[in-house]
1. Determine the sum of side-chain charges near THR212: Lys and Arg each +1, Asp and Glu each -1, restricted to other residues whose C-beta is under 14 angstrom from that of THR212.
2. Which order, highest average first, do 133-145, 185-197, 42-54, 315-327 follow once you tally other Cβ atoms within 10 Å for each residue and take the mean per peptide?
3. Need one number: nm distance between label points at SER429 and VAL319, each 7 Å from Cα along Cα→Cβ, rounded to one decimal.
4. Sum up the charges of everything whose Cβ sits under 10 Å from the Cβ of SER96, counting Lys and Arg as +1 and Asp and Glu as -1, but leave SER96 out.
5. Once amide H atoms are built 1.01 Å from N in the peptide plane, which residues 5 or more positions from ARG110, or in another chain, come under 5 Å H to H?
6. What whole number of Å gives the distance from the Cα centroid of segment 428-472 to the Cα centroid of segment 319-375?
7. Rounded, prolate or oblate: which fits segment 312-406 when a ≥ b ≥ c are the square roots of the eigenvalues of the alpha-carbon gyration tensor, with rounded for a/c under 1.5 and prolate only if a/b beats b/c?
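Values quoted throughout were computed directly from the atomic coordinates according to the rules given, and no laboratory measurement underlies them. Computed from a predicted structure; not experimentally measured. FYI the Cβ positions are ideal-geometry reconstructions off the backbone, even for glycines, and counts take in every protein chain you see.
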Amino acid sequence: MSLSEQASDVVPFFSDESEAEGPEEQGGGAPRPQEEEEASGVSKVRALLTVLVLCYINLLNYMDRFTVAGVLPDIEHFFGINDEKSGLLQTVFICSYMFLAPVFGYLGDRYNRKYIMSVGILFWSLVTLASSYTPKEHFWALLLTRGLVGVGEASYSTIAPTIIADLYVKGKRTNMLSIFYFAIPVGSGLGYIVGSQVGNIAQDWHWALRVTPGLGLVAVVLLLLVVQEPRRGAIEARTDLHHTSWLTDVQVLSKNRSFVLSTLGFTAVAFVTGSLALWAPTFLFRAAVVNGERPPCFEGNCASTESLIFGTITVVTGVLGVSSGVMISRKLRTRTARADPLVCAAGLLLSAPFLYLAIVFAQSSTVATYIFIFLGETFLSMNWAIVADILLYVVVPTRRATAEALQIVFSHLLGDAGSPYLIGVVSDSLQQTDSFLWQFRSLQLSLLLCAFVAVIGGGFFLLTALFIEHDRNRAENYVPTGDEPIVVPKSGRSTRVPVSSVLI
């Protein structure tokens, strides 16, 4: 009995095998040569449609996440809360998202990923709709529902990139990941725009949270009807791989220096984007009031203009940043195998001074502020697709969803889980009076942390470049050893035994 047969013996009813059976499973004979697009068990057209559906869902994911930021001043006025409590809205979401990511990573490495995502997205859509009916006296209910939204999003974000990895390899994979990660800045920008404008038209911020749930239900239907589960690792001709225990996976990943260091670098990206995502429209609105360009606002959708402009900038810079990062990386790969982490490092190190200048110039020149934000976000967005590609080629296929989950946990734990709340706490502690000038000045000083963290993140990516060649070669040439336990059936149940004992 072969290793691949043993692995498939224990895959339960939720298995991905039911959707992607190849000739070798059906006929029992030797596998016939297949083209690259067909090795996964998914046709070329279906694979492309799968990527487009996943991209659509990723766009909704980030659109929903940043809708709250687009109407944050209105939420503050509605509930009568300060900056510290406002920061909690993003923090509770990220915390639930972060802590549940390993659970879905474990499930995603072992069970049918399409069904896991479908259930998660349906749950996320229903909870988001419920959050739009939060009464004025119960701010805690809004915090609770925003936390539950993270449950649904964790089920998607940890799994979707691994499906793309099982459909494409090398240059094609990078191209498809760039399409997938375009949705992050574009969806984030649309979140600001849709949130602020829908709230402005309805004169009620609650309606801003009622847009994505309906689109989420459409996403569930598309997942079930269009997406087909590919065979894990088949596209890379890795039929010798088997599932090991979760603790073994974690131990191996913790020794993968490229994975650890790139995760720390991505943590800096998460810190900066999380801070700007929640606070930038509010900061720009307060700057406009201090500059005399806007009157003080206490009711209605106060920051709708700033949210619209910042959202538009986020969309444009996201497209420019992701595409330019991928193109530069692709050209540099012909000269050095360290191109990917070097491009990531350059993106963060170049974004830091422009973000600093944007924050400093806010009080004196609105035009200069928007220009510096544009440049800073463009360089920051160069990382998204490249970081994902690094993870996928330094980790073997059977550990990728777990690696995605661990990267989500640590990047959010030390990044955007606490950064919005931290910025709010620092802002409140620096505020000496309740005037608009001090509301602006305290938030301005606290946001300077972003530039400092971006420099640290660039340093982590430079360190990643030292180990990337070794770790990539090790993943590509990985051969399971005899002391790694695998899952085999025993009396109708699963048990874990050393590989050597089943090869006797």
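1. Details: positive: ARG65, ARG146, ARG210; negative: ASP64, GLU153.
Result for the neighbourhood of THR212: +1.
2. Working: 133-145: 14.5, 185-197: 26.3, 42-54: 18.2, 315-327: 20.2.
Highest mean packing first, the order is 185-197, 315-327, 42-54, 133-145.
3. Simple spin-label model gives 4.1 nm for this pair.
4. Details: positive: ARG146; negative: GLU153.
Surrounding charge for SER96 is 0.
5. none
6. Cα centres, segment 319-375 to segment 428-472: 15 Å.
7. Working: a/c = 2.76, a/b = 2.06, b/c = 1.34.
Here segment 312-406 falls in the prolate category.
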